[in-house]
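The values are calculated or read from the model by the stated rules, or taken from the named source; none is laboratory data. The structure presented is a predicted model; accordingly, all values stated were derived computationally and were not measured. Because the Cβ atoms are built from the backbone with ideal geometry, glycine has one as well, and the counts that use them run over all protein chains shown. We work out accessible area using only protein heavy atoms, side chains counted, and drop any ligands, DNA or RNA first. Shrake-Rupley method; radii C 1.70, N 1.55, O 1.52, S 1.80 Å.
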Amino acid sequence: MNFTAIRTNKDQRNLRSSRACLLVSVAMTCLGAPAIATAQQAGVSVTDTIVVTAQKRSQSVQDVGIAITAYSGDQLEKLGVETSIDIINFTPGVSMAGDIGGQRALFNIRGVVQNDFSDLAEAPVAVYVDEGYLASTQAQTFGLYDIDRVEVLKGPQGTLFGRNATGGLVHTLTNRPTREFEGYGELTVGTQDSVRGEAAISGPLSEKVSGRISVMYNRYGEILKNAYSGVDAQGRTGTPGGGQNGYNDDTFAIRGQLQFDFTDNASLLLTGNYADTTKSEGPYQGIGSIAVIDAQGRHINTLRAQDTNSNCEAISAETGNCINLFADGDTDGIRPVVGGDLFGNLDPDGNRSQVNKDFAFDDENKIRSRGLAAHFTWDAPWGTLTSISDYKKFYRSISLDSDQSATPLALFQSDGRIDQFSQEIRLNGSTDKTDWVAGVYYLSVDTDVTQGLAYPEKSPFLVGFPQIIFGLAGVVFDPFEDNTTGNLRTDSYSLFGQIDYHMSDNLTLVTGLRAIVEDKKYNQVIGEFANTDDRLIETAVSTGFVPRAPFADKTSNGLWSGKVQLEYSPDADHLYYVGINRGVKAGSFNAKLFDGVTLTDAQIPYKSEVLYAYEAGFKTTLGGGNTRLNGSVYYYDYNDYQAFTWSSNSGFVTNNDATYKGGELELITSPADGLDIIANVAYIDATVKDLEFAPGLTKDVTPSFTPDFKTAATVRYSWPTMGGYMAAQSTVSYQSSVFNNMRNFTGQRFGGWANVNARLSWDAEDGGWGVSASVNNLFNSRHGVIGFDVSSFGGYTQESYARPRWASVKIKKNF
């Protein structure tokens, strides 16, 4: 099989056994069916290209003047992609941000990212599934199953895809119901007792109705082994029942589709989906870090404790002397252990797989989603009418040990609920000189979130907090938690249109415009409550202390996105384009945790961001169709970039101007029979200007999680044998260093890394059976992935690392 060739066809534990039975039932139906040859299994040519809908109409990816990286479902399988974020390692110009130890991951496209962990926040990279927008950032991390293709569009896409596509768009499209009976079942087992099953059945239900049902189950055991003994280094007991192993997954998902073909020209597709995930608390590890404090008491740098020979709680920027942080309740300014945190905790094995923390439960975090959608299409003589109605509901309850140690210092907790509805109605058509699309769009998002910091019964902060905030030396508080409760209602209305005007056979002018009115209404209350259960967010029993007055505000903004571009195609194998895009992301509101510092009323709202993107690129097909070479260069002028800055034990968004410049190059080639190569490289030079990294101090910084350089290459060789095709494949990816915090402190840098995956597979010539063996992260790179600097709060940094070496074997049956 040719890897570069693409086809274009359309109570938690009690539930586990029933979910598995449902999956096995569908899979066994697949495994018992007779095999028939399909184009996918029999092999297709490298000259076949992916058909995408990046401009709301079907086009070859080579004919679209946008920097696009697209993957077919077959490619995703061969690359070992199982979740929405797995494509990041293979895609030029794309990196990962996130929080909760990577349980929530965000796409960073060309340095455009906002790492705000609040459920109120929306990302500047829009994520869609089957033309439905995902407003929740948590919803951007999901399992991929029964997928037709994934399209990654780089640069502003607001003209056609609307709000919050400033950095680009990631669009996942699933396989649709078919008029012929087909399906598959597959089972994967591997490292960490991992089991993954996936199955789908599709076919006609009547003369005019067809259906498809797809299911997926994924589970793997705990990666992090907990050495917690029941007390910390100073004899404190932690959360009752804690100390469990962590970093696991238990996910079930199902999707059902019904397609009604009323006539040859009119159809309705109804879709319903549900997903349920249970994980451990956030799988961070606590790494000792030292805050550098200047004479005004400002935190101006952070050092990794393991890189120094100092046992200071904090270091004076002027003298190098030790400074006391108070959070441990003493006044000596000295850490009990060199390299550890303020309380004598030292990670057992650095960035490996052992931890020592009290608040650790293997079923702590829960994420659920469900959705309904209706797609109506009518092909008329004048064009096509499309209506897309989409409803989604998300729920997330997550917690983590803020100190990532055996000391019961503090806990982060968050409950979020998001209801959203969107409606798009659009018209597509063409004339001799034009291709056009126009439409209206409405989006409603209702978000409720409660998040805060809780202090357990034995927390040393119950001694330090009265002294820090109130100057009450010797006073010990009862266990409490400070919780921020917010409700954000968003209503967004848009009119949009784009015209491709063919000035000649070779030259096309593309113009587009989107007008947006966005209304937001926000209410926020910060309260202090008695902490009676470390695993619950308390909102019932108030201590009477109010960290700040309630806040309420509403905004109404008129926004616009636009595009002007020239495209030149001297022949069918070459496309050159140059253009200007204007992207926009609406402003919103901060829901900062109370960590001793509150925002003023003026600091809670933040403004809209505007990105002017200047880009030129080319797409070429060479070697008689065996090679495709695509490239682009860009310059971004960013006004009021929404920069998320983390300090102490919380963070908030400010507006800063920025400039980016960079380029990408992608190669897809089959230089010999059976040999396929995909290679890419990306470079970016990004600067956010005048960021206030400490009170009254500013500097230019690199946006968080943005590598200067990134490259990846996949080589696959296949040959006929044993009545089918054997294939050996390897993928190598490299990313240069990144900062995990917008403040760009010394200890906030993750080093560059390289990753190698390997795969050996065999597929029957008739397409019936397939088996494969894979090893991901072959050399067991444990590079940093997500980090939060808490050095000025507890003398440590929360860090999570890449999943360790992962071996698996898969068997698949197609029918």
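Determine if region 236-246 includes at least one residue that is open to solvent by less than 30 Å² (accessible area, probe 1.4 Å), closer than 22 Å to Ser808 by Cα, at pLDDT 95 or above and of a type outside the set (A, V, I, L, M, F, W, C).
yes
So how many residues does region 422-451 have that are closer than 30 Å to His502 by Cβ and either surrounded by fewer than 22 Cβ atoms within 10 Å (Cβ to Cβ) or of a type outside the set (A, V, I, L, M, F, W, C) (or both)?
Qualifying residue count for the region: 17.
Inside region 452-495, can you point out the residues that are of a type in the set (A, V, I, L, M, F, W, C), modelled with pLDDT of 90 or more and open to solvent by 10 Å² or more (accessible area, probe 1.4 Å)?
Leu495
Specify the residue that is farthest from Tyr71 (Cα to Cα); the eligible residues are those in region 146-158 that are crowded, with 24+ Cβ neighbours inside 10 Å and touching a Lys or Arg at 6+ places or on another chain (Cβ under 8 Å).
This residue is Gly158.
For Thr386, all conditions in the list (1) open to solvent by 20 Å² or more (accessible area, probe 1.4 Å); (2) closer than 30 Å to Tyr441 by Cα hold save one; what is the number of the exception?
(1)
If you go through region 716-757, how many residues are among the aliphatic types (A, V, I, L, M) and closer than 18 Å to Gly111 by Cα?
Counting residues in region 716-757 that are among the aliphatic types (A, V, I, L, M) and closer than 18 Å to Gly111 by Cα gives 2.
Of the conditions (1) aliphatic (A, V, I, L, M); (2) touching a Pro at 6+ places or on another chain (Cβ under 6 Å); (3) under 22 Å from Ile87 (Cα atoms), Ala227 clears all except one; give me its number.
Single failed check for Ala227: (3).
Do you know which of the residues in region 71-87 that are assigned to a strand (DSSP E or B) and within 23 Å of Gln138 (Cα to Cα) is most open to solvent (accessible area, probe 1.4 Å)?
If we take residues in region 71-87 being assigned to a strand (DSSP E or B) and within 23 Å of Gln138 (Cα to Cα), then Thr83 is most open to solvent (accessible area, probe 1.4 Å).
For region 630-654, name all the residues that are assigned to a strand (DSSP E or B), polar (S, T, N, Q) and open to solvent by less than 40 Å² (accessible area, probe 1.4 Å).
Asn630, Ser632, Gln642, Thr645, Ser647, Ser650
Please count how many residues of region 166-212 are surrounded by fewer than 17 Cβ atoms within 10 Å (Cβ to Cβ), assigned to a strand (DSSP E or B) and not β-branched (Val, Ile, Thr).
Adding up the residues that qualify gives 2.
Residue-by-condition table, conditions (1) open to solvent by less than 20 Å² (accessible area, probe 1.4 Å); (2) among the charged types (D, E, K, R); (3) assigned to a strand (DSSP E or B); (4) modelled with pLDDT under 95:
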residue: Arg759; (1), (2), (3), (4): no, yes, yes, no
residue: Asp766; (1), (2), (3), (4): no, yes, no, yes
residue: Asn780; (1), (2), (3), (4): no, no, no, no
residue: Phe793; (1), (2), (3), (4): yes, no, no, yes
residue: Ser808; (1), (2), (3), (4): no, no, yes, no
residue: Lys813; (1), (2), (3), (4): yes, yes, yes, no
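What is the residue count in region 591-611 for residues that are at pLDDT 90 or above, closer than 29 Å to Phe793 by Cβ, touching a Gly at 6+ places or on another chain (Cβ under 9 Å) and assigned to a loop (DSSP other than H, G, I, E, B)?
Counting residues in region 591-611 that are at pLDDT 90 or above, closer than 29 Å to Phe793 by Cβ, touching a Gly at 6+ places or on another chain (Cβ under 9 Å) and assigned to a loop (DSSP other than H, G, I, E, B) gives 1.
Any idea which of Phe181, Phe161 is more than 30 Å from Phe90 (Cα to Cα) and of a type in the set (Phe, Trp, Tyr)?
Residue meeting the stated conditions: Phe181.
Scan Gln62, Gln103, Gln114 and give me the residue that is modelled with pLDDT of 90 or more and crowded, with 24+ Cβ neighbours inside 10 Å.
Residue meeting the stated conditions: Gln103.
Name the residues in region 307-323 that are surrounded by fewer than 16 Cβ atoms within 10 Å (Cβ to Cβ) and within 21 Å of Arg749 (Cβ to Cβ), would you?
Asp307, Asn309
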